[in-house]
1. Looking at region 30-88, which chymotrypsin sites (Phe, Trp or Tyr not before Pro) are in a loop (DSSP not H, G, I, E or B) and have at most 15 other Cβ atoms within 10 Å?
2. Using only the Cα atoms of region 16-90, build the gyration tensor, take square roots of its eigenvalues as a ≥ b ≥ c, and label the shape rounded, prolate or oblate: rounded if a/c is under 1.5, else prolate if a/b is larger than b/c, else oblate.
3. Of Leu64, Ile33, Leu53, which is farthest along the charge dipole of region 33-90 in the positive direction, counting Lys and Arg as +1 and Asp and Glu as -1 at C-beta?
4. Please state the charge dipole magnitude for region 17-90, taken about the Cα centre, from unit charges on C-beta atoms (+1 on K and R, -1 on D and E), reported in debye and rounded to the nearest 20.
5. Got a sec to turn the phi values of region 36-51 into Karplus ³J(HN,Hα) couplings, 6.51 cos²θ - 1.76 cosθ + 1.60 with θ = phi - 60°, whole Hz, x for Gly and Pro?
Amino acid sequence: MVKNSFMPAISQEKKEKNPGSVEFQIFKFTNRIRRLTSHFELHRKDYLSQRGLRKILGKRQRLLSYLSKKDRIRYKKLINQFDIRESQIR
């Protein structure tokens, strides 16, 4: 499992300032998704964790959709910063 592939992209002071912001929530979901993805390299048949991954992916997708409708510039910046593919469904 690769432990250093997670992103320290948001500074500590920003985390303390607004942990409920859309950017912070997407950041947390992205870290959890990457951690679970690396977990599946060792444990291919962990179906319960696969279900959890799908739920997290859906939550992140809903947040990204919300952000793209509200503020397209912040959305593009976040997509580029976290290296997330842009959604094809709108």
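1. Within region 30-88, no chymotrypsin sites (Phe, Trp or Tyr not before Pro) qualify (loop, at most 15 other Cβ atoms within 10 Å).
2. Values: a/c = 2.22, a/b = 1.78, b/c = 1.25.
Prolate is the answer for region 16-90, as a/c is 1.5 or above and a/b outweighs b/c.
3. Positive-end residue among those listed: Leu64.
4. On the way: 21 positive and 6 negative charges, 51 e Å.
It works out to roughly 240 debye.
5. Per residue, the Karplus-derived 3J(HN,Hα) values read 5, 4, 6, 5, 6, 5, 8, 10, 5, 9, 7, 6, 5, 6, 5, 5 Hz.
Any read-out appearing in this document is the output of simple, stated calculations on the displayed coordinates, not a laboratory observation. In this text, all values refer to a predicted model and were calculated from it rather than measured experimentally. Note that we place each Cβ from the backbone using ideal geometry, even for glycine, and neighbour counts take in every protein chain shown.
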